[in-house]
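Contents: one structure, followed by commentary.
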Amino acid sequence: MTSENLEALRREVRGWLRENLPKGWGTPEYVPPIRYSRESHELGREWTKKMYDVGYTGFNYPKEYGGIERPREEVAVIYEEMGRTGTPGGPLSLGLLVAAPAILVHGEEWQKKRFIPKILSGEESWCEGFSEPDAGSDLANVQTTAVRDGDEWVVNGQKVWTSMWEFADWGLLVAKTEPDAPRHRNLSYFLFDTSTPGFSRRPLVQMSGEAEFGEMFFDDMRVPHKNMMDEQGRGWYVAMTALMAERSFGGTGFSGGMAAMGGLGTSDLLGANALVELAKNTKRYGKSVWEESAFRQRIMQTAIELEAMRWSGTRMAAKMMKGTPIGNEASVLKNFQAEMRQRRGDLTCEILGAYSQMVRGSTRAVDEGDHVYNMLRARGATIEMGTSEINRNIIAERILGLPR
Ligand SMILES: Cc1cc2nc3c(=O)[nH]c(=O)nc-3n(C[C@H](O)[C@H](O)[C@H](O)COP(=O)(O)OP(=O)(O)OC[C@H]3O[C@@H](n4cnc5c(N)ncnc54)[C@H](O)[C@@H]3O)c2cc1C
């Protein structure tokens, strides 16, 4: 790959982005859709499909499962250009973060061929049904049951805190199939179509004001046996792979982990450059915040942490693509990112000063109130994907070898 070829690719991507980004993108006139809305979901879906069709996303998966194979240098150029302009995000889905990695490791051949390409292209969206009212940290206590009836399983029960619940076409489901077997060996893992009769869902509104997650109910919902992933009774192990992927890539997703897995570029609002811009543009007592060395040091610390996360995400992606399951180190990444997001959210609001009271809808809200939203949303980061306490237990027992 010569530097001329890479420069030609850079021009091609730049031109393509100019032609294809939503009208008004990058100008003050552009008003993004409300975050968890049908409009935002559809924009993400259409954008992902466009990118996939032209070969600008879907990297790091084998070609036979719809992966787009390109040399690393080309991928880097594509991401650089996307990072320069910012782009819409993907659909409201846990497909890339959880479903595709789990299917890649545990799925049967037909499942990999059927589901992964449509996740990479953004056509089908996914949610994850693990947690229940009495099975959060203690996930092995799942009470939702699946009972075999011929070629089907009949599912009954309830899930809660289901992210990206609303527009999911497919769901991941952990259910008890062996009521008499010991813990961890009594669960199985299913892929279910959310249009199946007997399935229903409803929203749960968070303090950020949005219903990012919801509840799911199963009332004699039938799932074909072929939609079971891995063997009967091995659902716990599939769930662990899914959770490890989520902890690693969710952990690094804001700084390249998702990109490393074939995700999309996002606006740099969460990154260090955005913090620099924000500090430069925010004036206090006649001076920009950037001129205060205490703020500069904290912004630089954030930049260092983001870069560390980016490389960790890339390392995780490389490991997974070699077929090595991600291990307990995912807990380190997960906790680091969750706590970093909270620090960064607080820092952003300190930079904004009094403007951090202005949320979306206020004429004086900075960047459509996104900084305030990110600060509020970061509170959930130390709970989702396993709380910080649970991840610390994993680090203590399984990495450091400390006694229980
Ligand atoms: C934003 C967000 C998105 C989510 N998305 C999903 C999703 O898509 N799908 C899904 O299935 N779930 C999802 N969840 C649920 C999440 O996985 C659970 O909330 C989490 O596992 C904690 O479970 P819980 O809420 O039942 O709390 P509990 O398990 O009841 O924990 C309560 C408190 O006790 C502590 N605790 C519990 N056990 C121990 C222990 N052994 N040692 C030390 N401390 C302990 C916890 O750390 C916590 O502080 C999401 C949660 C959030 C906040």
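Below is a table of values for the structure above.
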{"item": "Karplus-derived HN-Hα couplings along the range 214-220 (A = 6.51, B = -1.76, C = 1.60, θ = phi - 60°), whole Hz, x at Gly and Pro", "result": "x, 10, 10, 10, 10, 10, 6"}
{"item": "Alpha carbon centroid spacing (whole Å) that separates the range 214-238 from the range 325-353", "result": "32"}
{"item": "E132 long-range amide H proximity, modeled H, under 5 Å", "result": "V160"}
{"item": "Computed magnitude of the charge dipole of the range 3-95 (debye, nearest 20; Cβ of K, R +1, Cβ of D, E -1)", "result": "260"}
{"item": "HN-Hα J in Hz across the range 336-348 - Karplus 6.51, -1.76, 1.60, θ = phi - 60°, x for Gly and Pro", "result": "4, 5, 5, 6, 5, 4, 5, 4, 5, x, 5, 4, 4"}
{"item": "Most fluctuating residue given options L306, L333, L21, as computed from a GNM of the chain linking Cα atoms under 10 Å", "result": "L21"}
{"item": "Cross-link pairs K226/K322; K113/K319; K23/K49; K63/K322; K118/K226; K50/K118 - those with Cα-Cα distance over 23 Å", "result": "K226/K322"}
{"item": "Residues whose placed amide H lies under 5 Å from that of T282, excluding near-sequence neighbours", "result": "V289, W290"}
{"item": "Amide H partners (placed H, <5 Å) of E152, local residues excluded", "result": "H225"}
{"item": "Neighbour-count ranking [beta-carbon atoms within 10 angstrom, fewest first] of D180, D149", "result": "D180, D149"}
{"item": "Compactness of the range 38-164 - radius of gyration and Dmax, Cα, Å", "result": "17.5, 54"}
{"item": "Potential lengthening between N328 and S3 on full extension [0.36 nm per residue; Cα-Cα distance subtracted]", "result": "113.1 nm"}
{"item": "Rounded if a/c under 1.5, otherwise prolate or oblate - the range 126-234, Cα gyration tensor axes", "result": "oblate"}
{"item": "Point-to-point label distance, I383-K287, nm (Cα→Cβ direction, 7 Å offset)", "result": "4.0"}
{"item": "Dipole of the chain, positive end: most advanced residue of V238, T314, M300 [Cβ charges, Cα centre]", "result": "M300"}
{"item": "Between the range 12-46 and the range 145-167, the Cα center-to-center distance that results, in Å", "result": "34"}
{"item": "0 to 90° range, to nearest 10: angle between helix 38-54 axis and the chain longest Cα axis", "result": "90"}
{"item": "Max mean-square fluctuation residue, GNM over the chain, Cα-Cα springs under 10 Å, options I351, I119, I304", "result": "I304"}
{"item": "For the range 371-383, 3J(HN,Hα) per residue [Karplus equation, 6.51 cos²θ - 1.76 cosθ + 1.60, θ = phi - 60°, Hz, x = Gly/Pro]", "result": "5, 5, 4, 4, 5, 5, 5, 5, 4, x, 5, 8, 10"}
{"item": "For R343, net neighbour charge (Lys/Arg +1, Asp/Glu -1) across residues whose Cβ lies under 11 Å away", "result": "-1"}
{"item": "Cα-based helix-to-principal-axis angle, 109-120 vs the chain, degrees rounded to 10", "result": "20"}
{"item": "Degrees separating the helix 293-321 axis from the principal Cα axis of the chain, which is the longest one", "result": "40"}
{"item": "Assigned charges on the beta-carbon of Lys, Arg, Asp, Glu; the range 115-220 dipole about Cα centre (debye)", "result": "240"}
{"item": "Percentage, to the nearest whole number, of Cα pairs in the chain over 29 Å apart", "result": "45"}
{"item": "Net dipole in debye of the chain [+1 Lys, Arg Cβ; -1 Asp, Glu Cβ; about Cα centre; nearest 20]", "result": "920"}
{"item": "Fewest-first sequence of H41, H184 by Cβ atoms within 10 Å of each Cβ", "result": "H184, H41"}
{"item": "For the chain, with +1 on Lys and Arg beta carbons and -1 on Asp and Glu, the positive-most of G15, F336, L347 along the dipole", "result": "L347"}
{"item": "Sorted largest first, extent of the range 240-399 alpha carbons per principal axis (Å)", "result": "54, 30, 26"}
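Every read-out reported here was derived from the displayed coordinates using simple, explicitly stated rules and does not represent laboratory data. Quantities reported herein were computed from a predicted structural model and do not represent experimental measurements. Note that we place each Cβ from the backbone using ideal geometry, even for glycine, and neighbour counts take in every protein chain shown.
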